[in-house]
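J.: Quick one: this structure, given as C-alpha cells, is what I'll be asking you about.
The values are calculated or read from the model by the stated rules, or taken from the named source; none is laboratory data. Values in this document were obtained by computation on a predicted structure and should not be read as measured data. Neighbour counts run over all protein chains shown; Cβ positions are idealised from the backbone, glycine included. To get the accessible areas, we keep the full protein, side chains included, count just its heavy atoms, and leave off ligands, DNA and RNA. Shrake-Rupley method; radii C 1.70, N 1.55, O 1.52, S 1.80 Å.
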Amino acid sequence: MRKPYISAYADSGATISGPPAILDLLLQSKKLPKASSIKLRVNGPYHALHLHDSRDVDKILAADDSLSSLRQKSRIPFFSSTGSETELGTPLTALFETAISEILLAPLRLDKIWKSLATRLTNESVQSCSILPGKR
C-alpha cells in the first residue's frame, strides 16, 4: 500500500487514507484543492478494495462457527456503511456479511447514509432526532 486512497465520502469532503509518510507528501504537494487535514491514527487498512477481496470476508465469517448457526432475523432497520437500508427480517448472518464486506471493501458513504436516514425518518413522520456518538 504505497498510494493514498479515498476511504470515506461526505457532503463536504472526503477522507483520504494511506501510510502517514505518503499522506504527508500528498498534503505538501498542494495538489488538493482545499487541504484541511486532521490526522487520525488508524491501525488497519479499512474501506480498501485494492487491499482486500471477498476471500478475506469469507475467512472472517468462517473464523466464528457460531455465525452460521444464527437463525434470528433483524427487527430494526439496518443502514449499511454505503447508505443502503436492509429490509426488516433480513437474516443476521446476511447483515454480518454485509457489514464485514463493507468495512473491508467499500468506502464509507456518509453522504448517502445521511440521505437514507433522512428519508426513513421523514417517511416515519419523525419530528426530531438526535444522533449522538457511542460511548467508549
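J.: Exactly one condition in (1) in contact (Cβ under 8 Å) with a residue 40 or more places away in the chain; (2) open to solvent by less than 70 Å² (accessible area, probe 1.4 Å); (3) over 26 Å from residue 124 (Cα atoms) is not met by residue 10; state its number.
T.: Against the list (1) in contact (Cβ under 8 Å) with a residue 40 or more places away in the chain; (2) open to solvent by less than 70 Å² (accessible area, probe 1.4 Å); (3) over 26 Å from residue 124 (Cα atoms), residue 10 comes up short only on (3).
J.: How many residues does the range 110-136 contain that are surrounded by fewer than 13 Cβ atoms within 10 Å (Cβ to Cβ) and either of a type in the set (A, V, I, L, M) or in contact (Cβ under 8 Å) with a residue 24 or more places away in the chain (or both)?
T.: Result for the range 110-136: 4.
J.: So is residue 14 more than 15 Å from residue 108 (Cβ to Cβ), small (Gly, Ala, Ser) and not in a loop (DSSP other than H, G, I, E, B) or not?
T.: Against the criterion (more than 15 Å from residue 108 (Cβ to Cβ), small (Gly, Ala, Ser) and not in a loop (DSSP other than H, G, I, E, B)), residue 14 does not qualify.
J.: Also: Between a first residue in the range 74-89 that is under 12 Å from residue 109 (Cβ atoms) and a second residue that is open to solvent by 60 Å² or more (accessible area, probe 1.4 Å) and not small (Gly, Ala, Ser), which pairs have beta carbons less than 6 Å apart while being 6 or more apart in sequence or on different chains?
T.: These pairs meet every condition: 79/85; 83/112.
J.: Further question: Restricting attention to the range 115-136, which residues are among the basic types (Lys, Arg) and modelled with pLDDT of 85 or more?
T.: Result: 115, 120.
J.: If you don't mind, there's one more thing I want to ask. For the subset of the range 80-109 comprising residues that are more than 24 Å from residue 53 (Cβ to Cβ) and open to solvent by less than 80 Å² (accessible area, probe 1.4 Å), which member is modelled with the lowest pLDDT?
T.: Restricting to residues being more than 24 Å from residue 53 (Cβ to Cβ) and open to solvent by less than 80 Å² (accessible area, probe 1.4 Å), the top hit is 85.
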